[in-house]
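*Asks:* Just dropping this structure here.
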Amino acid sequence: MNLTDFYILPFGKDLKLEAKNILFLGYGISEKFEKGEKPVAAIPYDDYKDVDVKGKVLMVLGGEPQNPDSVSFITGTKEVSKWSTSFRKKISLARSKGAEALIVVTSNFEANAQMMKEYLESPSLDLEPEPGDKKEEEEKEIPQAGISLKLANEILSSQKISVDEIKKKIQ
């Protein structure tokens, strides 16, 4: 596992994944509030609106959109939502929309990679499952990669844009 610029959570999938194009999809969030449940200052936010992601490899920013005062678009406060605290929330949504894989750009890559390393090396994950004994949910998972800002900017350089420029456009 290269923990310098990326890590991969294959979820039991073959690691060979070819992508001619990567679709950048903001923060990879779809938060539509039902009537009466929207926090006062929150803003409905949907990166998936009018976008077909079926069969595509997505690149999304970690965390969630915030205004210049660090107020979350989702919660309407300085407290972040589960979109920032649960790494599975974005991957579950991407999978439900038909994405092939998810690449998450993390601003604190080193700490995130260390956390994932500990998760992947935990004793419960060292056990080899019996053939045909995969959990049904795991079979439905899609591969997820976490990448550093540096690597994300290298990927985006072909489009002559940077992660910071994209964040400014979103805010």
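*Asks:* Under 12 Å from a point placed 7 Å out from the Cα of Lys168 along the Cα-to-Cβ direction: which residues of the range 61-100 have their backbone N that close?
*Replies:* None, by backbone N distance to the label point.
*Asks:* Taking 28 Å as the cut-off for C-alpha to C-alpha distance, list the pairs among Lys38/Lys150; Lys20/Lys78; Lys32/Lys150; Lys78/Lys160; Lys32/Lys167; Lys38/Lys160 that go past it.
*Replies:* On the way: Lys38/Lys150 35 Å; Lys20/Lys78 38 Å; Lys32/Lys150 32 Å; Lys78/Lys160 32 Å; Lys32/Lys167 21 Å; Lys38/Lys160 37 Å.
Pairs exceeding the cut-off: Lys38/Lys150; Lys20/Lys78; Lys32/Lys150; Lys78/Lys160; Lys38/Lys160.
*Asks:* In nm, to one decimal, how far is the modelled label at Glu79 from the one at Lys38, with both set 7 Å along Cα→Cβ?
*Replies:* Those two pseudo-labels are separated by 2.0 nm.
*Asks:* May I ask you to give the solvent-accessible area per residue for the range 34-73, in square angstrom, as obtained with a 1.4 angstrom probe? Working shown, then result.
*Replies:* Details: 2370 Å² over 40 residues.
Per-residue value: 59 Å².
*Asks:* Quick one: which of Lys35/Lys89; Lys54/Lys90; Lys49/Lys89; Lys56/Lys97 span more than 20 angstrom between C-alpha atoms? Numbers along the way, then the final one.
*Replies:* Working: Lys35/Lys89 22 Å; Lys54/Lys90 15 Å; Lys49/Lys89 17 Å; Lys56/Lys97 10 Å.
Beyond 20 Å between Cα atoms: Lys35/Lys89.
*Asks:* I would also like to ask the following. Would you mind checking the range 144-168 for residues with the amide N under 14 Å from a putative spin-label position 7 Å along Cα→C-beta of Ala111?
*Replies:* Hits in the range 144-168 for Ala111 at 14 Å: none.
The values are calculated or read from the model by the stated rules, or taken from the named source; none is laboratory data. Quick caveat, the model's predicted, so the values are computed rather than measured. Positions of Cβ are backbone-derived with ideal geometry, glycine not excepted, and every protein chain shown enters the neighbour counts. Accessible surface areas use protein heavy atoms only, side chains included; no ligands, DNA or RNA. Shrake-Rupley method; radii C 1.70, N 1.55, O 1.52, S 1.80 Å.
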